[in-house]
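I have placed the structure first, in the form of structure tokens, so that the comments after it can refer back to it.
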Amino acid sequence: MKIAFFDTKPYDKESFERVEHDGIEFKFLESRLSIDTLPLAAGCEGVCIFVNDTANAEVIDGLCSMGVKFIALRCAGYNNVDIRHAEGKICVMHVPAYSPHAVAEHAMAMLLTSVRRIHKAYNRTRDFNFSLSGLSGFDFYGKTVGVIGTGRIGKAFIDICKGFGMRVLAYDKYPACEDVTYTSLDTLFSESDIISLHCPLNSETYHVIDENSIAKMKKGVVIVNTSRGALVDAVALLEGIKERKIGAACLDVYEEETDLFFEDYSGHIIADDVLARLISMPNVLVTSHQAFLTDEALTAIAKTTVENISGYIAGCGCCNKVVIN
Ligand code: NAI
């Protein structure tokens, strides 16, 4: 079985070639899946895609007309696939869990780096500047962290926060954790010193952080987004930072990341003024959708994706098919 593997990076190739994949031939392509790159999937029975590939209605129809039978997402989120349009036409599979700890630990790494100014100190000491001016942070112990989405990653993040002696407030549309204090979104916004997003992107969570919710937050609140960019209205976030309402932002994802993240644009003039302004802020830390990037997660992604494809071929139904709620 031949599979067009879009948006291939060297670490993808390494991890997929490491896992046993007898009977499956990957055609590794650097291009992202879009209406323009569809022809690259010719002769393939399936496509394997990542977070910034596009599988909208037009692309899905194109894939179907070429005889492509399935879309194997090598990630958890599937907001870039028109699931409703795909239903009954093409099988969509994903990797529901690979290492929730990879993402939760990255969220905490960003938070600690930002609040304790580690990135600033690193640059200073490399230049033999041992001054501490402007580097003071705050203790996490005793602070309130608001967690939106208490699934696999949110729960792992909550456990880390509890280890720091933090008070945890949580909001989830389907609250399911027993040892977590659930509250309304409004209470979470008004009482949290730190807010971390771990819910999926959908029509209900789109811009959950916007002008209105920011108005309800404490002055100096720290926002962490390792989930999906469009959970945060970036323009409202920027305004909140300029007004000194938001104390810091840690962003592993960005609403308009598709044309930028995962590529090297050093030396280029970036057209996105909002991102450029955010990056220029002393209290904004941006990583480019890196939270999943650990050896353990990459191996688990490759293993589950291959198992999904094998399950699809075998027709055994155990292939992590995305189902519409
Ligand atoms: P999960 O499915 O285990 O948990 C998601 C939670 O969000 C569930 O508890 C669900 O009930 C809740 N939820 C659903 N709708 C909601 C709503 N309207 N409001 C509040 N909560 C809602 O997913 P998991 O594995 O914890 O991943 C969470 C998100 O993290 C993914 O959707 C993905 O967008 C993001 N992610 C980011 C990565 C990165 O590298 N930055 C890597 C992997 C995932």
Query raised in the report: What list of ³J(HN,Hα) couplings, whole Hz, do you get for segment 51-63 from phi and the Karplus terms 6.51, -1.76, 1.60, once you set θ to phi - 60° and write x for glycine and proline?
Result: 5, 10, 6, 10, 10, 7, 4, 4, 5, 4, 4, x, 4
Query raised in the report: Once you wrap a convex hull around the alpha carbon atoms of the chain, what is its projected area averaged over all directions, in nm²?
Result: 17.9
Query raised in the report: Got the relative contact order for the chain handy, in percent, Cα pairs under 8 Å and 6 or more residues apart?
Result: 16
Query - Phi to ³J(HN,Hα) by Karplus 6.51 cos²θ - 1.76 cosθ + 1.60 over segment 99-109, Hz, x for Gly, Pro - result: 8, x, 5, 4, 6, 4, 5, 5, 4, 5, 4
Query raised in the report: By how many degrees, 0 to 90 and rounded to 10, does the Cα axis of helix 152-163 deviate from the longest principal axis of the chain?
Result: 30
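Multiply the residue gap between Ile324 and Met1 by 0.36 nm, knock off their C-alpha separation, and tell me the result in nm, one decimal place.
That pair, Ile324 and Met1, stretches by 113.6 nm at full extension.
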Requested in this report: With r as the distance between the Cβ atoms of Lys89 and Glu243 and R0 = 45 Å, compute the FRET efficiency 1/(1 + (r/R0)^6) and round to 0.05.
Outcome: 0.45
Query raised in the report: Hey, with R₀ at 45 Å, roughly what FRET efficiency would Ala271 and Glu20 work out to, going by the Cβ-Cβ distance, to 0.05?
Result: 0.55
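Here, each number is a calculation from the coordinates, and none is a lab measurement. Note that the coordinates shown come from a computational prediction; the quantities given were computed from them, not determined experimentally. FYI the Cβ positions are ideal-geometry reconstructions off the backbone, even for glycines, and counts take in every protein chain you see.
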